[in-house]
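To start, the structure itself, in structure tokens.
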Amino acid sequence: DTGVSQNPRHKITKRGQNVTFRCDPISEHNRLYWYRQTLGQGPEFLTYFQNEAQLEKSRLLSDRFSAERPKGSFSTLEIQRTEQGDSAMYLCASSLQGAKGYTFGSGTRLTVV
Amino acid sequence: DAKTTQPPSMDCAEGRAANLPCNHSTISGNEYVYWYRQIHSQGPQYIIHGLKNNETNEMASLIITEDRKSSTLILPHATLRDTAVYYCIVRSLGSGGQGGSEKLVFGKGMKLTVNP
């Protein structure tokens, strides 16, 4: 297992376009998390899944953002009608329920021009 | 908001122990202290966590004061590869109805620079 995999690593998009990111967690991990990180700040929680159920969402996750984990394995994060303020690193992490720590991926860096 | 405070930066000489402080004066009884670090352009990496006893693993030691209002992460022999932003986080385990939350609330962290 190579850890948490995120694709693409980098994405440049024009304002107003939709983008989708993918996260493949560690295979036996039943929990999956999305975070967003802007320059100079720590990561901010967006949402998390236990298996396929989305159990918690941040108010940062506006109606332009949607996340899915349809079969309890990989997850996608979609941003519709992107804005320049969406430019950030989007991080995915996974864990086993009750485990001590998360394993983060290397992130997808989004630039909205 | 993050419930911890850390100095913004610290320097350490290679081969020396790095002692990274964290204040968490409002920590409650069921909250653990977690430490993560983030090396440039990578995702955060879990280091260690503890409730009230001191903890040690292959990466670091965690010393928590008796009143639990502060803690220190110790890297016993810092190397250049330990240069990173270190985050101290308090978190209760369990979600929703168990009184905890799955989310980690990161502050700005502390930049540790290990110098040759």
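Can you give the average number of partner chain beta-carbon atoms within 10 Å of each beta-carbon in peptide B:35-47, as a whole number? Intermediate values should be presented prior to the final figure.
Values: counts 1, 5, 0, 5, 0, 0, 5, 5, 16, 11, 4, 8, 1.
Mean shielding count: 5.
About its Cα centre, the protein assembly as shown has a charge dipole of approximately 540 debye under the convention of +1 per Lys or Arg Cβ and -1 per Asp or Glu Cβ, with nothing else charged.
Highest mobility in the GNM of chain B, judged by mean-square fluctuation with C-alpha springs under 10 Å and restricted to B:E58, B:E31, B:E66, is found for B:E58. Charge tally for B:S41 (other residues, Cβ to Cβ under 12 Å; Lys, Arg +1; Asp, Glu -1): +2.
If you place +1 on the Cβ of every Lys and Arg and -1 on the Cβ of every Asp and Glu, how big does the dipole about the Cα centre of segment A:1-72 come out, in debye to the nearest 20? List each step's numbers first, then the result.
Numbers: 12 positive and 8 negative charges, 92 e Å.
Charge dipole, segment A:1-72, about its Cα centre: 440 debye, nearest 20.
About its Cα centre, chain B has a charge dipole of approximately 180 debye under the convention of +1 per Lys or Arg Cβ and -1 per Asp or Glu Cβ, with nothing else charged.
Taking only the C-alpha atoms of chain B, the Rg (one decimal) and the largest Cα-Cα distance, Dmax (whole number), read 13.9, 49 Å.
Report D for the protein assembly as shown in µm² per second (integer): Stokes-Einstein, Kirkwood Rh on Cα pairs, 4 °C, 1.567 mPa s. D = 71 µm²/s. Built from the Cα atoms of chain A, the convex hull projects on average onto 6.7 nm², one quarter of its surface area.
Remark on the protein assembly as shown: B:C12 stand apart, with no other cysteine beta carbon under 4.7 Å. Between the alpha-carbon centres of segment B:52-71 and segment A:1-74 there is a gap of 31 Å.
Read the figures in this text as sums done on the coordinates, not as results from a lab. Since the model is a prediction, treat every value here as computed from it, not as a measurement. We place every Cβ from the backbone using ideal geometry, glycine too, and count neighbours over all the protein chains shown.
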